[in-house]
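Read the structure below first, then the notes.
No value in this document is a laboratory result; all are computed from the given coordinates. As the structure is a computational prediction, the values presented were derived from the model and not from experiment. Counting neighbours? That spans all protein chains shown, and the Cβs are built from the backbone with ideal geometry, glycine included.
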Amino acid sequence: MAKPATILTLNLGMQTVSMAEFEVLPGDGLRLTRFREAEMILDPAADATRPDQLKALIKELRDAISPKSKKPIYACLPSQSVFSRFVQLPGDSAEDVESIIPFEAQQNVPYPIDEVVWDHQLMGQKHGDTWDVGLVAIKADQLDDLVAAIKQGGLQVAAMDLAPMALYNALRYNLPDLPGCTLVIDLGARSTNLVFSEGDRVFCRSIPIAGHTISAAIAKEFDQDLVLAEKLKIEKGQVGLGGAYAEPADPTEARIAKVVRNTMTRLHSEISRSINFYRTNHNGSAPDRILLAGGNAKLTYATDFFAEKLTAPVDFFNPLQNIEVQPGALPEGTVACASGIGELVGLALRSLKNCPVELNLTPPSVVKAMDFRRRIPAFALAALLLILTPALWFGYFTAKEKSIRARTSALVSEKDPLEQTAKEIREGLEKQKILAAAAEPFLTSVAERTIWPNLIEELAAKMPSRHIWITKLTPVEGVLAEPEPPKDPKQPPAPRAPKPNQPTGKPAIVALQVDGLYLDNPPNPKAAGIVDEFVTRLDESPFFNTSGDRTKIITQRTTPTGETWAYGYTLVLPLKTPVPLP
């Protein structure tokens, strides 16, 4: 399937919604051609109106990016909306782990499993005795509202990803060869996402301390509403350095810096706990480097604060390092690490199938609709073929008739030589029958020489290894019925002669009587069952026919009474191929 010429991606942030258009370059490269973002109402009390806000913002972004595009869009959900958990499961192979994941999902997802849309993925290869597995889930009604808002905004969903996973895919694409452990701190509006990347392993955790927490603290400090507090944070916000560092000259900036530092200190404590959890429970390493992303990464001195607290090099994550950017694609003043572009890049990679994590929370209804749209060309072709079928059949049969006539005329000319050859073949077959009849007694004699060793070996192979043995083998004679002569279809049927009282066939050994003993020491009420086990094993024998009535096979079996250590049994085993007697 050819890759699309353009890819549309949508980041459904809690405060900022952003959308981008990418072009596919040769060699699975990407070029960012357009990018726009829009802000939502800041107050959490307005979350109930989120779908309506999304509808308006998505329509606005679509009109700015690609107003006439009909391409499905790749979207990602904020971590606050999705339940995610990384668990370690035992298993010798990936197939073993896949078989127990549905049970683990029921145990870990805090909602009834039939009320959510969920997905999972193995995160890298086996480590020690366990596999890292990522589980994500979102309530189906909540997801339906978001998908409906996207659809009402004029777009169709191709896949629904999780923002931290999209950010991780962008990290692996732009910085594929980083050694050791890398920690991306995504400072969002409602939550801070931690993305650990170490080799082929990934671990994510969401912390509910983020930009909104800082704005709420500023609003409380200055006794202002959230909107003004957010404006103060953007215009004068910085992380107080503390210690011997001089405070800002502006008193307002100094107060804001202290408030921000207090909140960031709480955040640092949670980040430290998460690092310890990753190292202890997932056998991870301490971060060798830290990359900042998200809208609040722009806070002044944020890199210095985390470098001091986490004692590791800190820098900003550039999600466009390996992405070509078309001139004018980014509006003036756009900061790549702080504008949700990392998530948009990770989503675009989903279309190229060039990403290590491919979780998908697309609702089943959307999947069915996408499948139906993919089949529309096939339906149209089927309808066209249905219309053209009569004409195609007429042309086919006309051409077939001409072909058959031409071949028939050629075959007629070859008829006489073939009839002569057929006559010679029939004569050869008659001679072959005469020779086969002459050789039959000799072949039978050779086969009879090996029949008894084969029967004894078969009994030894099928007999249970313990508690039963054979004491006597007795051939059972019978009569082979004479084969009826072949009927000549040209002769009238001869009158049937009355059947004699005794069969008039060749004498033969038709069965083998087996006498033996089975053990009942110590006494066991199921000991007599070993005889049935012996007969059951003989059901698969190529020599004995034991599939009939068992009472005719097991003709005698002494019931254990506990008085002796062994009891007798008798089997009559019919032969599938009787042995003729001379």
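Okay, here's what the table says:
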| read-out | value |
| --- | --- |
| Computed over the stretch 295-421, the ratio Rg/Rh where both radii use C-alpha atoms and Rh is Kirkwood | 1.49 |
| Estimated FRET transfer efficiency (residue 216, residue 326; beta-carbon r; R0 35 Å; 0.05) | 0.35 |
| Summed side-chain charge close to residue 174 - residues other than residue 174 whose Cβ falls under 15 Å, Lys, Arg +1, Asp, Glu -1 | -3 |
| Alpha-carbon Rg/Rh ratio, for the stretch 128-274, with Rh computed the Kirkwood way | 1.06 |
| Overall Cα dimensions of the stretch 228-375, principal axis frame, Å, largest first | 67, 44, 30 |
| Residue 145-residue 63 FRET efficiency (beta carbon distance; Förster radius 25 Å; 0.05 resolution) | 0.70 |
| HN-Hα J in Hz across the stretch 67-81 - Karplus 6.51, -1.76, 1.60, θ = phi - 60°, x for Gly and Pro | x, 9, 6, 10, 6, x, 10, 9, 10, 10, 9, x, 4, 5, 8 |
| Lys, Arg +1 and Asp, Glu -1 on Cβ, resulting dipole of the chain about Cα centre, debye, nearest 20 | 1640 |
| Estimated Rh, the stretch 205-259: Kirkwood, alpha-carbon pairs, angstrom | 11.7 |
| Gained length - residue 477 relative to residue 272, 0.36 nm times residue gap less alpha-carbon distance | 64.8 nm |
| Rg to Rh, two decimals, where the stretch 1-151 supplies the alpha carbon set and Rh follows Kirkwood | 1.05 |
| Principal axis dimensions, largest first and in whole angstrom, of the stretch 6-362 by Cα | 62, 51, 43 |
| Computed over the stretch 6-362: relative contact order in percent, which uses C-alpha pairs under 8 Å that are six or more apart | 22 |
| Spin-label proximity, residue 6 to the stretch 144-176 - amide N less than 20 Å from point 7 Å beyond Cα toward beta carbon | 150-159 |
| In nm, spacing of pseudo-spin labels at residue 49 and residue 461 (7 Å Cα→C-beta vector) | 8.4 |
| Alpha-carbon centroid distance for the pair the stretch 258-282 / the stretch 418-461, whole angstrom | 88 |
| At 1.306 mPa s and 10 °C, Stokes diffusion of the stretch 428-471 via Kirkwood alpha-carbon radius, µm² per second | 118 |
| Within the chain, percent of DSSP bridges classed antiparallel, to nearest 5 | 80 |
| Residue-averaged [θ]222 nm for the chain, counting only DSSP H segments that reach four residues, each worth -39500 (n - 2.57) | -14000 deg cm²/dmol |
| Pairwise FRET efficiency - residue 95 versus residue 285, Cβ, R0 = 25 Å, nearest 0.05 | 0.30 |
